[in-house]
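J.: Input: one structure, supplied below.
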Amino acid sequence: MSLPASPRLPSGPRRRSLLASAAGAALLVGCSGGSDSGDPDGGPSATERARARAARDSEVLAGRYTAVIAAHPGLAERLRPLREDVLRHAEAFGAVRAPSPEASPSVSARAAGPQDGSETVPPSGVPAQEKDALALLADAERELAGRRTVVLAEVPGELARLLASVAAAGAAHVYLLTEGDG
């Protein structure tokens, strides 16, 4: 008796493999101590600089989400939870969360569109097509998760675990932006 042919699996990484690989990276670096001596001139330590950079990177990414939401209000329900995750990541790295308006007034006005019936112009830097805007966010998430994974070996255990966790969340965001159906 022969076995039936297995159905074709979708191409690309699966959610479980993305999360498992990031978790494995966290385990590999979780026990690394690394010295964290500050700058001899009294400047911030390498860990403090890495944490501040991670917070800024998350804030910039949250700004991209805000711009895409302003340009494509139809994506707001899908993107708001991801944006909130990114803001929580920034807070975890030490950023102070400001009140969160959905978008700045100038971005909101442009996203609302002109009153004369002409075509809406998205905020600067946001593609006009929703699919392209989602791809832009996915690329930004992918690139940032990759950079964070590279930094893991250079920072002490606690920060390395946090970076690995946030990189895994970024990989999950990439999946949701590219494969998920919202």
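J.: Quick one: is Glu158 open to solvent by 70 Å² or more (accessible area, probe 1.4 Å), farther than 15 Å from Ala67 by Cα and at pLDDT below 95?
T.: Values: open to solvent by 70 Å² or more (accessible area, probe 1.4 Å): yes; farther than 15 Å from Ala67 by Cα: yes; at pLDDT below 95: yes.
For Glu158, the condition - open to solvent by 70 Å² or more (accessible area, probe 1.4 Å), farther than 15 Å from Ala67 by Cα and at pLDDT below 95 - is met.
J.: Select from region 129-147 the residues that are hydrophobic (A, V, I, L, M, F, W, C) and farther than 13 Å from Ala54 by Cα and list them in ascending order.
T.: Ala133, Leu134, Ala135, Leu136, Leu137, Ala138, Ala140, listed by residue number.
J.: Here's a follow-up. The conditions are (1) of a type in the set (Gly, Ala, Ser); (2) surrounded by fewer than 20 Cβ atoms within 10 Å (Cβ to Cβ); (3) modelled with pLDDT under 55, and Ala25 fails exactly one of them. Which is it?
T.: (2)
J.: Cβ-Cβ distance below 6 Å, separation of 6 or more or different chains: which pairs start in region 118-137 with a residue that is of a type outside the set (Phe, Trp, Tyr) and at pLDDT below 55 and end on one that is open to solvent by less than 30 Å² (accessible area, probe 1.4 Å) and assigned to a loop (DSSP other than H, G, I, E, B)?
T.: Hits for this filter: Thr120/Gly113.
J.: Please list, ordered by first then second residue, the pairs with beta carbon atoms under 7 Å, 6 or more apart or interchain, first in region 42-59 and over 11 Å from Glu91 (Cα atoms), second open to solvent by 20 Å² or more (accessible area, probe 1.4 Å) and at pLDDT 95 or above.
T.: Listed by first residue and then by second, the contacts come to nothing, as the list is empty.
J.: Taking region 64-92 on its own, how many of its residues are touching a His at 6+ places or on another chain (Cβ under 8 Å) and over 19 Å from Ala52 (Cα atoms)?
T.: Of the residues in region 64-92, 1 are touching a His at 6+ places or on another chain (Cβ under 8 Å) and over 19 Å from Ala52 (Cα atoms).
J.: While we're on this one: Would you confirm, using the coordinates I've provided, whether His72 is over 17 Å from the mean Cα position of the chain (by Cα) and either open to solvent by 60 Å² or more (accessible area, probe 1.4 Å) or at pLDDT 50 or above (or both)?
T.: For His72, the condition - over 17 Å from the mean Cα position of the chain (by Cα) and either open to solvent by 60 Å² or more (accessible area, probe 1.4 Å) or at pLDDT 50 or above (or both) - is met.
The values are calculated or read from the model by the stated rules, or taken from the named source; none is laboratory data. No experiment lies behind these values; they were computed from the predicted model shown. Every residue, glycine as well, gets a Cβ built from its backbone with ideal geometry; the counts of neighbours run over all protein chains shown. Side chains included, ligands, DNA and RNA excluded: accessible areas come from the protein's heavy atoms. Shrake-Rupley method; radii C 1.70, N 1.55, O 1.52, S 1.80 Å.
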